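The values are calculated or read from the model by the stated rules, or taken from the named source; none is laboratory data. Bear in mind that the values here come from a model prediction, so they are computed numbers and not experimental data. Every residue, glycine among them, receives a Cβ derived from its backbone with ideal geometry; neighbour counts consider all protein chains shown.
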Amino acid sequence: MTTSSLLEFARGPLFRLSFAILILGLGRIIFLEIWGIIKAYGNTCDMKMPWQLIRSRSLEWILPVKRMMRNRDVYSVVSFLFHFGLLIVPIFLFAHINLWQQSVGITWPALPYLWAFWLALSTIVFGATMLIGRMAVKQMRFLSKPQDYFWLILLLTPFVTGFICANLSINAAFYQFIMVVHVLAGDLIFILIPFSKIAHCVLAPFSQVVGAIGWKFPSGADEAITRTLDSPKG
Amino acid sequence: MKITTITQEEHKKAFRSVKKPEVIQKQKLNVRYHVEDLDVSDRPRKFLEAFAIILKHSNYKMVLDHFIRMTARCSRCSVACQVYQATGDPRDIPCYRSGLLLDVYRRHFTLGGMLKGRVTGGGYLTDEKIQEMADSFWNCTACRRCVLECPLGLDHGLITHLGRYILSEIGIAPRALVVSTRAQLEGPFKNTSAIPVPALKDTLEFLEDDMFEEKFVKIKFPLDVDGSDYVFFAAVSDYLTEAESLMGIAAVFTATGDKWTIGTDYFDGINYGLFYSDRVLERVVKKVDDETKRLHGKKILIGECGHASRTARQFVPAYCGGTQALPVVNIIEYTHRVWKEGRLKLNPGVVTERVSYHDPCNYARNRWIVNQPREVLKSFCKNYFEMAPSGENNICCGGGGGTVSIDEIRPYRTTVGGRMKAEQIRRSGCEVLVAPCANCKKQLRELVEDQGIDCKVVGFHDLIYNAIEFDDSLKVARDEAGKEAK
């Protein structure tokens, strides 16, 4: 398989497959999450929910202006900007929108070139800072598992490769190679997101509800557990 | 708020084991708290069985599934945790602590974990991992401050709670809590301090006499009054150690004339179930509800106790009838309401010291009782000031999560758990610290004593008692009072 045919495969059938896995996978975990919440809520007699607290705490972290600067301000700003670039650049990049238009005919407004340039560059810089931080800061290094490093590297790969292709003068063969890496990394991210911690991209808004219902214990659990323990199988 | 980590000497003092080596060997468990004798064989299997049964009869599966899909291990929670800030040991980071139980869940209760375990042949739950959990979950004061700092909104307090619950099902729980709970649920006196009803009556009569001599007002502790508006449950230890708080509460009711009563069948608000077992939690909550219904009370009133108030408020609806459940009121809510209605007069000239307010975590973390006591205190304490951080972001006293009742870990509580709080009190120059929670009061008194801080710790109603002013109609003339006292 030549590089160009690999590129076609990666951004054609493989992309469609990985995108389908992403959507279906995220759909699955959202469904499971909501189903779990409904089931748990049905188990409890206490139906009163602290909606005001849930709403305000959820918003505080989705738009973390208030919380962000209170502690670990440098880390917080770096992390926020990294997340911001991570979401905005791939979705609003002119080249990506162009591909969607060519294949399925849909389009939406693109980022101006300069914005895309600086946003992509800042995402790379902040992502690298987070990676270094994970290795350098004692408590982060202690908590980190191999997948935490792997994910940062994987997420940065399409950014670095995309940035090279878009902004540097390189020969055609090297361009194609870099582009293959770019698309394959993107495909891999899509495939893995629903099965990894990056699922927080869709599950984070549920956290406060999960916490609130988690503290609502079902009535009769004490008797049920005693019964189970006393049963011959128990 | 930044503090220095403990020195090696302090570390030795805080983490010393009080258990005899032969007990450690016999129990195969080296933790800092005493544990009742337990079956040591096949502990991992028993842990997993208990875990499975609990998952079957609870909502924890939904919580754990959410957690294992979410944890990003960013370590931001470490800045909020006063235990980690004191020890500097990364094993005290809340996210790591939760990870101990999440790893067990992932490995033994999820398909992916089980497959991975089969392939790699590792990750099994071992005695060593149980030992680490038994240590770690009781290092935490369950203050849930880390919840505010988690960008993903994960409640590590809930995971610590579950971890302790599972451990208790295999016999690993602090003896101090287990013995007290047994006295409360199965003992003849039905309370954690084993106070007999005649002794309770004697104590209350003695307090009534004291109040009469001091205030010239007949202030009563009404017992077993049927159909009262409020049935009162204090942390039972208050009857032994917090006389002024109780006197303040009785004084407020005398001033307002509202009907309240203490039931003699069951009068203990303490619920250690919140700290180690949902099964205990449920049984105790039902006892509180039963006693209120026996006396045909309209509302459950909880005294100055954070965990007792939170358990009643949060779990009476869950265990005792949902929307039909009896309303639960904390005494500070009541006092604040009657003060706002103008039914409580407080003398602004009595309290002159520099006074500040300590938020018990169980009141403030979920923004339940934050401003109410402050409004009242500011109205009559000339030199009231605010410590920072406070309210929702308060720093735990260091004795939360039941640890204050474990006497053998006092050096840990006052060196590690309360280090940040001690620093805050020291820096603020506070003279009188109002801590309206039985646990916080005990811990803070021990903390200021061990840390050599010159600060008096009192209850909210202690100050109310000092400052309360009664209508003349309630007062008995001095000479008459003298005769009655004789």
*Within the range B:47-92, how many residues turn out to be of a type in the set (Gly, Ala, Ser), more than 7 Å from every other protein chain (Cβ to nearest Cβ) and over 21 Å from B:Asp135 (Cα atoms)?*
1
*Looking at the range B:32-45, which of its residues are of a type outside the set (Gly, Ala, Ser), more than 22 Å from the chain's Cα centre (by Cα) and either assigned to a loop (DSSP other than H, G, I, E, B) or within 11 Å of chain A (Cβ to nearest Cβ) (or both)?*
B:Glu36, B:Asp37, B:Leu38, B:Asp39, B:Val40, B:Asp42
*Of all the helices (runs of 4 or more DSSP H) wholly in the range A:146-234, which have at least 2 residues that are free of Cβ contacts under 8 Å to residues at least 24 places away in the same chain, within 13 Å of chain B (Cβ to nearest Cβ) and among the β-branched types (Val, Ile, Thr)?*
A:221-230
*Please state which of the following conditions B:Phe109 fails to meet, knowing it meets all the rest: (1) touching a residue at least 60 places away in the same chain (Cβ under 8 Å); (2) away from every other protein chain (no Cβ under 11 Å).*
(1)
*Test B:Ala318 against the criterion of being more than 12 Å from chain A (Cβ to nearest Cβ), part of a helix (DSSP H, G or I) and within 22 Å of the chain's Cα centre (by Cα), and give yes or no.*
no
*Which helices (runs of 4 or more DSSP H) sit wholly inside the range B:335-449 and have at least 1 residues that are in contact (Cβ under 8 Å) with a residue 60 or more places away in the chain and within 27 Å of B:Tyr165 (Cβ to Cβ)?*
B:361-364, B:419-428
*When the range B:152-178 is examined, which residues are found to be part of a helix (DSSP H, G or I) and either without any contact (Cβ under 8 Å) to a residue 12 or more places away in the chain or under 30 Å from A:Leu203 (Cα atoms) (or both)?*
B:His156, B:Gly157, B:Leu158, B:Ile159, B:Thr160, B:His161, B:Leu162, B:Gly163, B:Arg164, B:Tyr165, B:Ile166, B:Leu167
*Taking B:Tyr124, is it aromatic (Phe, Trp, Tyr), in contact (Cβ under 8 Å) with a residue 40 or more places away in the chain and within 12 Å of chain A (Cβ to nearest Cβ)?*
no
*For B:Phe212, state whether it is of a type in the set (Phe, Trp, Tyr), assigned by TED's automatic domain parsing to the domain that holds B:Leu301 and over 21 Å from B:Ala308 (Cα atoms).*
yes
*Of the residues that make up the range A:74-92, is at least one farther than 24 Å from A:Leu203 by Cβ and within 14 Å of chain B (Cβ to nearest Cβ)?*
yes
*Restricted to the range A:35-54, and to residues that are touching a residue at least 40 places away in the same chain (Cβ under 8 Å) and more than 8 Å from chain B (Cβ to nearest Cβ), which residue is nearest to A:Phe217 (Cα to Cα)?*
A:Tyr41
*asked:* Here's a check for you: in the range B:179-194, which residue that is crowded, with 20+ Cβ neighbours inside 10 Å and more than 14 Å from chain A (Cβ to nearest Cβ) is farthest from A:Ile198 (Cα to Cα)?
replied: B:Lys190
*Which one of these does B:Glu341 not meet: (1) touching a helix residue (DSSP H, G or I) at 6+ places or on another chain (Cβ under 7 Å); (2) away from every other protein chain (no Cβ under 14 Å); (3) charged (D, E, K, R)?*
(1)
*Here is a list of conditions, (1) more than 8 Å from chain A (Cβ to nearest Cβ); (2) surrounded by fewer than 24 Cβ atoms within 10 Å (Cβ to Cβ); (3) over 24 Å from B:Gln8 (Cβ atoms), and B:Ser98 meets all of them except one; can you say which number that is?*
(2)
_Flag if A:Asp222 is farther than 16 Å from B:Leu64 by Cβ, acidic (Asp, Glu) and crowded, with 16+ Cβ neighbours inside 10 Å_ = yes
*State yes or no: is B:Ile130 closer than 27 Å to A:Lys216 by Cβ, β-branched (Val, Ile, Thr) and either at pLDDT 95 or above or outside any helix (DSSP H, G or I) (or both)?*
no
